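Have a look at the structure below before the remarks.
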Amino acid sequence: MSHILTAFPLQASYFIATLLLILGLKRMSSPRTARNGIVWAGVGMLIAVAVTLVYLPGISNLVVPDGSAQRLLLILFAVVVGAVPAWWTGRRVPLTEMPQMVAIYNGLGGGAAGAIAAVEMYSGRAYNGSLAFPIIAVIGALFGATAFGGSVVAFLKLQSWMGSPRIPGRHFINGILSLAALALTLASIHPDWVSGLNLSVDALVSIFLGVSLILGFFVTLPIGGADMPVVISTYNACIGLAVGFEGFVVQNPAMIIAGTIVGAAGSLLTVLMARAMNRSFLNVWFSGFGDVAAAAAAGGETRTMNAMEVRDAAATMAYSENVIIVPGYGLAVAQAQHKLWELVQMLQAKGVKVKFAVHPVAGRMPGHMSVLLAEAGVPYDLIYDLEEINSDFANADVALVIGANDVVNPAARNDKSSPIYGMPILNADQAKQVLVIKRGKGAGFSGIENELFFGPNTHMVFGDAQGVITQMIQALKEV
Amino acid sequence: MTGFAALYIFLIAAIAGYEIVARVPVILHTPLMSGSNFVHGIVLVGAMLALAEARGPLEVSVGFAGVVMATGNAVGGYVSTERMLEMFHSKKEKA
């Protein structure tokens, strides 16, 4: 590593940048300061990148003495190529699709960590010092590349471009891939160990990265979409660690500290998320949740649901005193949160007391639904947590369930054989009347039948959330 | 930076990271995950250094891909986090 990187202004700037990144992250963990936390971190990042750019030509000069200007242009070109699509998609994608975008932006960081390791190994720089360097470079690359492959699958699943195919012998395939990745990890740490294979370091490292990528792909493939938040969060932690490791390889303290902090914070966040969803971390990664759910769904006999016309449902609510709305993913996919707020304001004008009951994992990620409702302009004092509102359902005249399923499934309370048994749920079934807006008669995201929909005081309003709510607003204007 | 100095940094950073999220409310789980995703976008600095020092077409093309991906991480992470947090103009402070 060249002496240029130890220049005082550079090191001082990295110090300030690192401080801002840590303080920014700290601020993001409290609702009061969260909004400017990202700005603090952003300023820190900007300082680190700008200062690095200033010193880059000097570094390139040592490698390509007559081409350092072109090299700087190439780097700036790469920045533009990466920034434009990320900026464009990040700005334009609706908030409902944010989870998969987070997955892909996250995965890109893992790919970048893998690329740094690759360059350091291709060039031989990683092998120049003590054995610690290639060990850390290779392990970081393994984490980064595997998490990159997995994040792509998470993106494809959340985007509904890919299901959860049951590949015969997937445990066998994953076993072989893991062994191959392990062998290649060892070989890449010290290529002399496999000198008998006559593989160049370039080829060895490329195969290693390719296999790691495929491993991430296959490991993530069987995991159901409902568990994706935990998966994305796990990869976030892995990539943080990979960045910290590669920071050690390129001797950059900002990368070491920021990466390690994300690795630790991300690990804890993963556990907290899994707990909020009542899923254990190990279960998400190694169990066949999908298999159990499919079996449970297949066993259910056909019963009848009570259907209700949209205008009748609207009138029922208009003449109630207390209404609790339980929004779920169906609301989010239909982009109906704005229409819903319009409906609620009309009900309020008629003197109906309306509250929103938001389950911690409503939507696709913990906290996702709060963000969507806030986007539509719903004030926070109408939004209640599970613990705050569960005792209120018994006093509610109507519980309006919109596109939510598993989070109101009484099976979680009283059916020990159910895969979701023990998950905290919203007690919508205790309301005097339950209205459910649902697209079809099928089971929910987890594939589990919902007893609530067959209840004596439950009425189903079939249709897309956006359409049904629009019709309800129409109906209310006429009442 | 020699072995043990790096190890101490690693240790303290890990504890700091743990403390930062130890008491985070559920509504901030997703924005915070997105925010920490942005923070590891600092990988861009390393990717730029790697490309600056790359020799030959293989190193240059992999280094180029690294800078593109790292920028995608940093920019996408910033924009998505900012958009999520924009929604937190709360009237009632929830702790």
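Within region A:28-48, can you find the residues that are facing chain B (nearest Cβ under 8 Å), of a type in the set (Val, Ile, Thr) and not in a helix (DSSP H, G or I)?
None - no residue of region A:28-48 is facing chain B (nearest Cβ under 8 Å), of a type in the set (Val, Ile, Thr) and not in a helix (DSSP H, G or I), so the list stays empty.
From the residues in region A:158-175 that are aliphatic (A, V, I, L, M) and more than 16 Å from A:Phe286 (Cα to Cα), which one is nearest to the chain's Cα centre (by Cα)? Let's see the steps before the verdict.
Here is the first cut: in region A:158-175, the residues aliphatic (A, V, I, L, M) are A:158, A:162, A:167, A:173.
Adding the requirement that they be more than 16 Å from A:Phe286 (Cα to Cα) leaves A:158, A:162.
Working: A:Leu158: 9, A:Met162: 16 Å.
Only one residue fits best here, namely A:Leu158.
Being in contact with a helix residue (DSSP H, G or I) (Cβ under 6 Å, 6 or more places away or on another chain) and closer than 15 Å to B:Val75 by Cα narrows it down to one of A:Gly58, A:Gly37, A:Gly82, so name that one. Explain how you work it out, then say what you get.
Numbers: A:Gly58 fails: closer than 15 Å to B:Val75 by Cα; A:Gly37 fails: closer than 15 Å to B:Val75 by Cα.
From the options A:Gly58, A:Gly37, A:Gly82, the qualifying one is A:Gly82.
Considering only region A:87-126, state which residues are more than 8 Å from chain B (Cβ to nearest Cβ), open to solvent by 10 Å² or more (accessible area, probe 1.4 Å) and within 18 Å of B:Leu51 (Cα to Cα).
The one that is more than 8 Å from chain B (Cβ to nearest Cβ), open to solvent by 10 Å² or more (accessible area, probe 1.4 Å) and within 18 Å of B:Leu51 (Cα to Cα): A:Gly124.
Condition (residue is open to solvent by 20 Å² or more (accessible area, probe 1.4 Å) and either more than 7 Å from chain A (Cβ to nearest Cβ) or of a type in the set (A, V, I, L, M) (or both)) applied to region B:39-56: is it met by at least one residue?
Yes, region B:39-56 has at least one match.
Could you run through region B:42-92 and say how many residues are part of a helix (DSSP H, G or I) and more than 28 Å from A:Met28 (Cβ to Cβ)?
So the first thing to find is which residues in region B:42-92 are part of a helix (DSSP H, G or I), and the list is B:42-52, B:56-86.
Within this subset, residues satisfying the condition of being more than 28 Å from A:Met28 (Cβ to Cβ) are B:50-52, B:56-65.
Summing the residues that are part of a helix (DSSP H, G or I) and more than 28 Å from A:Met28 (Cβ to Cβ) in region B:42-92 gives 13.
Condition first: touching a strand residue (DSSP E or B) at 6+ places or on another chain (Cβ under 8 Å) and in a loop (DSSP other than H, G, I, E, B). Now tell me which residues in region A:347-359 satisfy that.
Let us first name the residues in region A:347-359 that are touching a strand residue (DSSP E or B) at 6+ places or on another chain (Cβ under 8 Å), namely A:347-348, A:352-359.
Passing the criteria: A:Val352, A:Val358, A:His359.
Have a look at A:Ala412, A:Ala399, A:Ala475 and point out the one that is in contact (Cβ under 8 Å) with a residue 12 or more places away in the chain and in a strand (DSSP E or B). Let's see the steps before the verdict.
Details: A:Ala412 fails: in a strand (DSSP E or B); A:Ala475 fails: in a strand (DSSP E or B).
Result of the check over A:Ala412, A:Ala399, A:Ala475: A:Ala399.
Tell me which residues, restricted to region A:360-384, are hydrophobic (A, V, I, L, M, F, W, C), part of a loop (DSSP other than H, G, I, E, B) and either within 8 Å of another protein chain (Cβ to nearest Cβ) or open to solvent by 10 Å² or more (accessible area, probe 1.4 Å) (or both).
A:Val361, A:Met365 - these are the residues of region A:360-384 that are hydrophobic (A, V, I, L, M, F, W, C), part of a loop (DSSP other than H, G, I, E, B) and either within 8 Å of another protein chain (Cβ to nearest Cβ) or open to solvent by 10 Å² or more (accessible area, probe 1.4 Å) (or both).
Just for region A:130-147: of the residues that are at the interface with chain B (Cβ under 10 Å from one of its Cβ atoms) and out of contact with any Phe, Trp or Tyr (no Cβ under 8 Å at 6 or more places or on another chain), which one is most open to solvent (accessible area, probe 1.4 Å)?
Step by step, filter region A:130-147, then rank; the result is A:Ser130.
Which of the numbered conditions does A:Leu10 fail, given that it passes all the others? Conditions: (1) within 10 Å of chain B (Cβ to nearest Cβ); (2) under 35 Å from the mean Cα position of the chain (by Cα); (3) surrounded by 15 or more Cβ atoms within 10 Å (Cβ to Cβ); (4) of a type outside the set (Gly, Ala, Ser).
(1) is the only condition that A:Leu10 fails.
Quick check: anything in region A:392-399 within 14 Å of chain B (Cβ to nearest Cβ), over 21 Å from A:Ile469 (Cα atoms) and surrounded by fewer than 22 Cβ atoms within 10 Å (Cβ to Cβ)? So that I can check it myself, show each step before the final result.
First pass over region A:392-399, keeping only residues within 14 Å of chain B (Cβ to nearest Cβ): none.
No, every residue in region A:392-399 fails to be within 14 Å of chain B (Cβ to nearest Cβ), over 21 Å from A:Ile469 (Cα atoms) and surrounded by fewer than 22 Cβ atoms within 10 Å (Cβ to Cβ).
Out of the residues in region A:203-224 meeting the condition of being open to solvent by 20 Å² or more (accessible area, probe 1.4 Å) and small (Gly, Ala, Ser), tell me which one is nearest to the other protein chains (Cβ to nearest Cβ).
A:Ser206
The values are calculated or read from the model by the stated rules, or taken from the named source; none is laboratory data. Source: prediction; values computed, not measured. Neighbour counts are summed over all protein chains in view; Cβ atoms, including those assigned to glycine, are modelled from backbone coordinates with ideal geometry. When the accessible area is computed, the model is the full protein with side chains, heavy atoms only, and any ligands, DNA or RNA have been set aside. Shrake-Rupley method; radii C 1.70, N 1.55, O 1.52, S 1.80 Å.
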